[in-house]
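Worksheet: the structure to be examined is printed underneath.
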Amino acid sequence: MRNIVLISIFTFLMLVPARAEDDNSESRSHVNEDEALKWCFSRFPSAEPAEVSSRSISELAPFKLEDTIAPPGLITKTETVGRLPGYIRKYKGVWIWPAITEPPAFAIFVERLTAEEMTIAFVSRATEENKDYRDGLRKNSRQKLTWNGTAFSAGPDGELESTTTIYISAFSDALLLIRANKREGGPPMCFISSKHY
């Protein structure tokens, strides 16, 4: 399973378009967006050497909770239960989608964490495009995952047997979220810890 995940990450990185820089500031901002995402993915091991070894992007767009579609009673600081091993403690906190030119589209709040379970809230930025289905996003934003010995995961669930798996980087600076179902595997999503954002 881990090999499949690593191959998926590498394949996704190869699909991220490399744009040539020119005098157009919009083109440069796209290059920066790509670099921020590539840096995030580089925090996870793969069969190939990382394309980005150091974070060249110092300024990231600010994350504002008030601009997001969040579930009621969102817990913004992780509640921990019991004594947590170091590899579990790494998951604590808020994880933000890397963005430069506009506010981040997504964030993950780890609301509750035990040695065996994690509850997350996946929040989205409120936009004109999601205006009509915000209630659905708010209602379906929480998920409970269990520790499988390597990562936190949930599923298969529902008719499509949807699964979610979350990995953490070795230095706790990035989080990788992979969602899939029996019809398709979505592209992995990478988030930067709010401590490093």
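State whether one or more residues within segment 67-81 are closer than 21 Å to Ser124 by Cβ, assigned to a loop (DSSP other than H, G, I, E, B), modelled with pLDDT of 95 or more and open to solvent by 80 Å² or more (accessible area, probe 1.4 Å).
Scanning segment 67-81, I find at least one residue that is closer than 21 Å to Ser124 by Cβ, assigned to a loop (DSSP other than H, G, I, E, B), modelled with pLDDT of 95 or more and open to solvent by 80 Å² or more (accessible area, probe 1.4 Å), so the answer is yes.
Need the failing condition index for Ala170 against (1) aliphatic (A, V, I, L, M); (2) loosely packed, with under 12 Cβ neighbours inside 10 Å; (3) not in a loop (DSSP other than H, G, I, E, B), just the number.
The one condition Ala170 does not meet is (3).
Is it the case, given these coordinates, that Glu117 is open to solvent by less than 70 Å² (accessible area, probe 1.4 Å) and not hydrophobic (A, V, I, L, M, F, W, C)?
Yes.
Return the pairs, sorted by first residue and then second, in which the second residue is of a type in the set (S, T, N, Q) and open to solvent by 10 Å² or more (accessible area, probe 1.4 Å), the first residue lies in segment 181-197 and is without any contact (Cβ under 8 Å) to a residue 60 or more places away in the chain and under 14 Å from Thr165 (Cβ atoms), the beta carbons are less than 9 Å apart, and the residues are 6+ apart or on different chains.
Listed by first residue and then by second, the contacts come to Asn181/Ser162; Asn181/Thr163.
Just wondering, is there one or more residues in segment 184-197 that are β-branched (Val, Ile, Thr) and open to solvent by 30 Å² or more (accessible area, probe 1.4 Å)? It would help to see each step written out before you state the result.
Our first condition is that a residue be β-branched (Val, Ile, Thr); within segment 184-197, this holds for 192.
If we keep only those that are open to solvent by 30 Å² or more (accessible area, probe 1.4 Å) too, we end up with none.
No, the conditions are met nowhere in segment 184-197.
Does segment 134-148 hold any residues that are open to solvent by 50 Å² or more (accessible area, probe 1.4 Å), at pLDDT below 95 and either within 17 Å of the chain's Cα centre (by Cα) or small (Gly, Ala, Ser) (or both), and which are they?
If the condition is that a residue be open to solvent by 50 Å² or more (accessible area, probe 1.4 Å), at pLDDT below 95 and either within 17 Å of the chain's Cα centre (by Cα) or small (Gly, Ala, Ser) (or both), then Leu137, Asn140 are the ones that fit.
Restricting attention to segment 149-161, which residues are within 17 Å of the chain's Cα centre (by Cα) and more than 18 Å from Phe44 (Cα to Cα)?
Ala154 - this is the single residue of segment 149-161 that is within 17 Å of the chain's Cα centre (by Cα) and more than 18 Å from Phe44 (Cα to Cα).
Would you say Thr163 is surrounded by 16 or more Cβ atoms within 10 Å (Cβ to Cβ), over 23 Å from Leu74 (Cβ atoms) and not small (Gly, Ala, Ser)?
yes
The values are calculated or read from the model by the stated rules, or taken from the named source; none is laboratory data. All values derive from a computational prediction rather than experimental measurement. Quick reminder, even Gly has a Cβ in these numbers, built from the backbone with ideal geometry, and neighbours come from all protein chains shown. Quick note on the areas: whole protein, heavy atoms, side chains included, nothing else; ligands and nucleic acids left out. Shrake-Rupley method; radii C 1.70, N 1.55, O 1.52, S 1.80 Å.
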